[in-house]
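Derivation of every value follows stated rules applied to the coordinates shown; laboratory data play no part. All values derive from a computational prediction rather than experimental measurement. Heads up, the Cβs are rebuilt from the backbone with ideal geometry, glycines too, and the neighbour counts pull from every protein chain shown.
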Amino acid sequence: MESVKQLKTYIENNNFNLHEISNELNEWKNSLIIYNFALDEINTKLKILNEEFQFIHNHNPIEHIKSRIKDPKGIMQKLHRKGYPITIENAKKYIHDIAGVRITCSFISDIYEIYNIIEKQDDIKVIQVKDYIQNPKPNGYKSLHLIISIPVFLSTGMQEVLVEIQIRTIAMDFWASLEHKIYYKFDKSVPAHLLSELKDAADAAHGLDVKMKKIKDSVDIFQTIGKNQTLI
Ligand code: 0O2
């Protein structure tokens with residue numbers, strides 16, 4: 001829908017009741033509030049784990065955390081794409097990325113370190129793991145995707161809420177955000193030469209990840225030897 005004028009014409013032509021639509025959208029927004037609480041829970045957990053890691057190992061596995069709630073329009077479109085009737089119940093049942101967290105880190109090893117830490121949390125259940133690092137998408141997309149469930153305690157009782165966590169390196173994230181923009185700029189049909197350049201760029205990003213890890217390992221070895229020499 002390009003403009004409010006178009007929206008108005010669409011509503012008038014299709015006999016839609018604006019009041020009903022607005023009420024329903026509000027109902028959707030209110031039903032989705034629980035996902036905000038789930039994001040608060042997971043963000044606090046990740047912040048504590050990152051600070052503890054820094055304190056004990058002098059290393060920060062997490063560079064950056066971003067979270068978002070999918071807007072009702074996006075949820076409705078995804079339900080429609082998957083062939084489910086558009087209801088709040090179906091959204092909660094079939095759309096697993098209503099609440100999403102994206103974690104970026106420096107090295108590929110950090111990704112699996114974060115995954116292991118999350119998996120060990122007693123109150124978190126890992127429902128699904130999609131490893132697009134071991135099995136990249138044909139376009140070159142790499143990332144580790146988890147669907148977890150986390151308990152949220154309300155005055156009415158506890159509810160398990162699903163959250164999608166995407167974990168990737170800074171290089172993978174750089175690639176994915178540009179690819180996402182290009183994908184939508186060309187309305188999902190990207191010209192072949194750009195697809196091929198994007199694949200090359202994904203390979204280059206992976207090369208950078210491998211190289212940076214090698215340099216870090218060399219620095220770690222150098223520091224350990226240095227410390228031992230001081231002890232002798
Ligand atoms: P947005 O706006 O990013 O939230 P499923 O949810 O399992 O039923 P889906 O959606 O194919 O099916 O799951 P998948 O493969 O785990 O991908 C979900 C999300 O991963 C996408 O969300 C993107 O954020 C990201 N993603 C997956 N593939 C690509 C890719 O090729 N390029 C980029 N840049 N990102 C990708 P959404 O729903 O597309 O929207």
Within the chain, what percent of beta bridges assigned by DSSP are antiparallel, to the nearest 5?
80 percent
Inter-label distance, nm, simple model (7 Å from Cα along the C-beta direction), L208/K120
3.1 nm
Helix 18-31 sits at what angle to the longest principal axis of the chain, using alpha carbons and giving 0 to 90 degrees rounded to 10?
30 degrees
Relative contact order, percent, of segment 1-118 when contacts are C-alpha pairs under 8 Å separated by at least 6 residues?
27 percent
tail above 19 Å in the computed P(r) of segment 143-232, as % of all Cα-Cα pairs, reads 66 percent
Once amide H atoms are built 1.01 Å from N in the peptide plane, which residues 5 or more positions from V161, or in another chain, come under 5 Å H to H?
I150, V152
Helix 192-231 against the longest principal axis of the chain: what's the angle in degrees, Cα atoms only, rounded to the nearest 10?
40 degrees
Sum -39500 (n - 2.57) across every DSSP H segment of at least 4 residues in the chain, then divide by the residue count to get the 222 nm mean residue ellipticity, nearest 500.
-19500 deg cm²/dmol
Can you list the HN-Hα couplings for segment 72-80, worked out from phi with the Karplus curve (6.51, -1.76, 1.60; θ = phi - 60°), rounded to whole Hz and with x for Gly and Pro?
x, 4, x, 5, 5, 4, 5, 4, 4
Proximal charge balance of L146 [Cβ under 14 Å; K/R count +1, D/E count -1]:
+1
Please state the relative contact order of the chain as a whole percent: Cα pairs under 8 Å, 6+ residues apart?
17 percent
Take the chain, connect every pair of alpha-carbon atoms lying under 10 Å apart with a spring to form a Gaussian network, then pick out the residue of A192, A91, A202 with the largest mean-square fluctuation.
A192
The chain: most fluctuating residue of N135, N15, N60 per GNM, C-alpha cutoff 10 Å:
N15
Take S22 and K82, extend 7 Å from each Cα along the Cα→Cβ direction, and tell me the distance between the two endpoints in nm.
3.1 nm
From the backbone phi of segment 120-137, what are the Karplus-calculated ³J(HN,Hα) couplings (6.51 cos²θ - 1.76 cosθ + 1.60, θ = phi - 60°) in whole Hz, Gly and Pro given as x?
7, 5, 4, 8, 9, 10, 8, 8, 8, 10, 10, 9, 7, 8, 5, 10, x, 5
Please list, in chain and number order, the residues 5+ apart from I127 or on another chain whose amide H is under 5 Å from its amide H, with Hs placed from the backbone.
I147, I148, S149
Listed by chain and number, the residues whose amide H is under 5 Å from that of Y141, excluding neighbours fewer than 5 places away on the same chain and using placed H, are none
With θ set to phi - 60° and the Karplus curve 6.51 cos²θ - 1.76 cosθ + 1.60, what are the ³J(HN,Hα) couplings of segment 175-184 in order, to the nearest whole Hz, using x for Gly and Pro?
5, 5, 6, 5, 4, 4, 5, 4, 4, 7
Binned at 10 Å from zero, the C-alpha pair distances of the chain give percents of 7, 24, 29, 22, 12, 4, 1, 1, 0
Let me spell out the model: positive unit charges on the Cβ of Lys and Arg, negative unit charges on the Cβ of Asp and Glu, origin at the Cα centre of segment 81-232. What dipole size does that give, in debye rounded to 20?
300 debye
Looking at the chain as a GNM with Cα springs under 10 Å, which of S106, S67, S177 has the largest mean-square fluctuation?
S177
